[in-house]
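One structure is given here, and the rest of the page talks about it.
The values are calculated or read from the model by the stated rules, or taken from the named source; none is laboratory data. It should be emphasised that the depicted structure is a prediction, and the values quoted were computed from it without experimental measurement. All Cβ positions, even for glycine, are placed from backbone atoms using ideal geometry, and neighbour counts span all protein chains on display.
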């Protein structure tokens, strides 16, 4: 067997390895689920999935002051990306910017009454899609182990 054939065989083994396949399944499932959620939220609530994520973050602790910078970090967006997103959300009356007390350079973001109402509708849509495509396909006995495993993966990634 010549070197090119050996390299081709090694390449095929690596590309078809269990680790590559399993990670690909995770990424593809997560991507398809995110697309389903985004489509449903846009159709039923005129809200993108990313906007929904902002409203989730703002709703977790209603009295918490959340800066635009913190939102960018939490959602892994660039500062220009979060600025454009908050601009669109402000234009749709979902959020408002308020000056940070004691720090003129920082801007806080808070939900409007309209934003909270849209979020509640969107949360029901989100729950329906997640139940159908994330919860229902997994055997009830396996679901807890599955989510515990995802939590452990996330923890390992944060700890490094």
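Selection of region 76-116 for residues being surrounded by 14 or more Cβ atoms within 10 Å (Cβ to Cβ) and at pLDDT below 90 yields 100, 106, 107. Comparison of 120, 157, 150 shows that the only residue that is within 23 Å of residue 35 (Cα to Cα) and modelled with pLDDT under 95 is 150.
Here's the yes/no breakdown for (1) assigned to a loop (DSSP other than H, G, I, E, B); (2) touching a residue at least 40 places away in the same chain (Cβ under 8 Å); (3) closer than 27 Å to residue 33 by Cβ; (4) touching a strand residue (DSSP E or B) at 6+ places or on another chain (Cβ under 8 Å):
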residue: 53; (1), (2), (3), (4): no, no, yes, no
residue: 56; (1), (2), (3), (4): no, yes, yes, no
residue: 64; (1), (2), (3), (4): yes, no, no, no
residue: 72; (1), (2), (3), (4): no, no, yes, no
residue: 82; (1), (2), (3), (4): no, no, yes, no
residue: 87; (1), (2), (3), (4): no, no, no, no
residue: 97; (1), (2), (3), (4): no, no, no, yes
residue: 106; (1), (2), (3), (4): no, no, no, yes
residue: 114; (1), (2), (3), (4): no, no, no, no
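For region 118-127, indicate whether the set of residues that are over 25 Å from residue 146 (Cα atoms), outside any helix (DSSP H, G or I) and within 21 Å of the chain's Cα centre (by Cα) is non-empty. No, region 118-127 contains no residue that is over 25 Å from residue 146 (Cα atoms), outside any helix (DSSP H, G or I) and within 21 Å of the chain's Cα centre (by Cα). For residue 78, state whether it is out of contact with any strand residue (DSSP E or B) (no Cβ under 7 Å at 6 or more places or on another chain) and closer than 25 Å to residue 126 by Cβ. So residue 78 passes the test. Number of residues in region 128-142 that are assigned to a helix (DSSP H, G or I) and either touching a residue at least 60 places away in the same chain (Cβ under 8 Å) or under 16 Å from residue 26 (Cβ atoms) (or both) equals 6.
Each row is one residue, and each column tells you yes or no for (1) at pLDDT 95 or above; (2) surrounded by fewer than 10 Cβ atoms within 10 Å (Cβ to Cβ); (3) out of contact with any strand residue (DSSP E or B) (no Cβ under 8 Å at 6 or more places or on another chain).
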| site | (1), (2), (3) |
| --- | --- |
| 4 | no, yes, yes |
| 8 | no, no, yes |
| 12 | no, no, yes |
| 18 | no, yes, yes |
| 45 | yes, no, yes |
| 61 | no, yes, yes |
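Considering the conditions (1) in contact with a helix residue (DSSP H, G or I) (Cβ under 7 Å, 6 or more places away or on another chain); (2) assigned to a helix (DSSP H, G or I); (3) under 18 Å from residue 86 (Cβ atoms), residue 47 is excluded by exactly one of them, (2).
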